[in-house]
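Notes for the one structure printed next.
The values are calculated or read from the model by the stated rules, or taken from the named source; none is laboratory data. Computed from a predicted model, the values in this text were never measured in an experiment. All Cβ positions, glycine included, derive from the backbone under ideal geometry; neighbour counts span all protein chains shown. All accessible areas refer to the heavy atoms of the entire protein, side chains included, with ligands and DNA or RNA removed. Shrake-Rupley method; radii C 1.70, N 1.55, O 1.52, S 1.80 Å.
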Amino acid sequence: MDEVSLLIDLLDNNWSSSATTLQSAGTISSDHIGKPNIIDIRSMEANRGSRYDLSLKDLIVIFEDSQSIDYPTVHYDVRNESYSFTIHIRHVQDERAGTDSNFGKDRLRALYLITRHVLEGKRTGYTASDGSKFNQIFVGARNESNDRKKRIFGYKISIETKRFALSVP
């Protein structure tokens, strides 16, 4: 599994449990625990990665920004890999704002907190069902990414992951 797919797998498989944990703790409301569409922008699958109706479901898009490799031994038979990603979280302020003017801000906050909870819960590693894994996951900076004209609330979150001691083929 490639690295973006692995990060999508991590969020997809752990979203519900993190949302339930945060809701049970009173950190987010039950109105905000639904899972968004989590996509790889590179997808060529029909209706995946091109255009979404944000009034139907929120969106998380994952981009790989960079990869670096280092060879930590003299023999160069193993390598370590580091990956940088940007996770874009998007929510549209829609008809629900008529009954709750803070719905968009609260929903964006919940999406961020659930995303962060999933990633921080696996900071010491995550292994997918096919054996693909990250050894470490770090949540970095969060930046606002709003579009007032389109009524879209958003965050961009930087993520760094590491894989250690991979055999060089």
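Kindly provide the set of residues from region 1-21 that are of a type outside the set (Gly, Ala, Ser) and either in contact with a Leu (Cβ under 6 Å, 6 or more places away or on another chain) or open to solvent by less than 20 Å² (accessible area, probe 1.4 Å) (or both), ordered by number.
Here is the first cut: in region 1-21, the residues of a type outside the set (Gly, Ala, Ser) are 1-4, 6-15, 20-21.
Selection gives VAL4, LEU6, LEU7, LEU10, LEU11, TRP15.
Taking region 140-160, which residues are of a type in the set (A, V, I, L, M, F, W, C) and touching a Ser or Thr at 6+ places or on another chain (Cβ under 8 Å)? Before the answer, list the steps.
Step one: filter region 140-160 for residues of a type in the set (A, V, I, L, M, F, W, C), giving 141, 152-153, 157, 159.
Correct list: ALA141, ILE157, ILE159.
Condition (residue is assigned to a loop (DSSP other than H, G, I, E, B) and either surrounded by 14 or more Cβ atoms within 10 Å (Cβ to Cβ) or at pLDDT 95 or above (or both)) applied to region 146-161: is it met by at least one residue?
Narrowing region 146-161 to residues assigned to a loop (DSSP other than H, G, I, E, B): 146, 148-151.
Those still in the list that are either surrounded by 14 or more Cβ atoms within 10 Å (Cβ to Cβ) or at pLDDT 95 or above (or both) too: 146, 151.
Scanning region 146-161, I find at least one residue that is assigned to a loop (DSSP other than H, G, I, E, B) and either surrounded by 14 or more Cβ atoms within 10 Å (Cβ to Cβ) or at pLDDT 95 or above (or both), so the answer is yes.
Taking the conditions exactly as written (open to solvent by less than 70 Å² (accessible area, probe 1.4 Å) and at pLDDT below 95), does ARG79 satisfy them or not? Let's see the steps before the verdict.
Values: open to solvent by less than 70 Å² (accessible area, probe 1.4 Å): yes; at pLDDT below 95: yes.
When the stated conditions are applied, ARG79 passes them.
How many residues are touching a Lys or Arg at 6+ places or on another chain (Cβ under 9 Å) and either without any contact (Cβ under 8 Å) to a residue 24 or more places away in the chain or within 30 Å of SER82 (Cα to Cα) (or both) if we restrict to region 19-30? Please lay out each step first, then the result.
Within region 19-30, the first condition is being touching a Lys or Arg at 6+ places or on another chain (Cβ under 9 Å), and the residues that meet it are 19, 28.
If we keep only those that are either without any contact (Cβ under 8 Å) to a residue 24 or more places away in the chain or within 30 Å of SER82 (Cα to Cα) (or both) too, we end up with 19.
So the answer is 1.
For region 86-138, what are the residues that are open to solvent by less than 70 Å² (accessible area, probe 1.4 Å), part of a loop (DSSP other than H, G, I, E, B) and in contact with a strand residue (DSSP E or B) (Cβ under 8 Å, 6 or more places away or on another chain)?
Step one: of region 86-138, the residues open to solvent by less than 70 Å² (accessible area, probe 1.4 Å) are 86-94, 97, 100, 102-104, 106-108, 110-115, 117-119, 121-122, 125-126, 128, 131-132, 134-137.
Next cut, part of a loop (DSSP other than H, G, I, E, B) only: 93-94, 100, 102, 122, 125, 128, 131-132, 135.
Across region 86-138, the qualifying residues are GLN93, LYS122, GLY125, ASN135.
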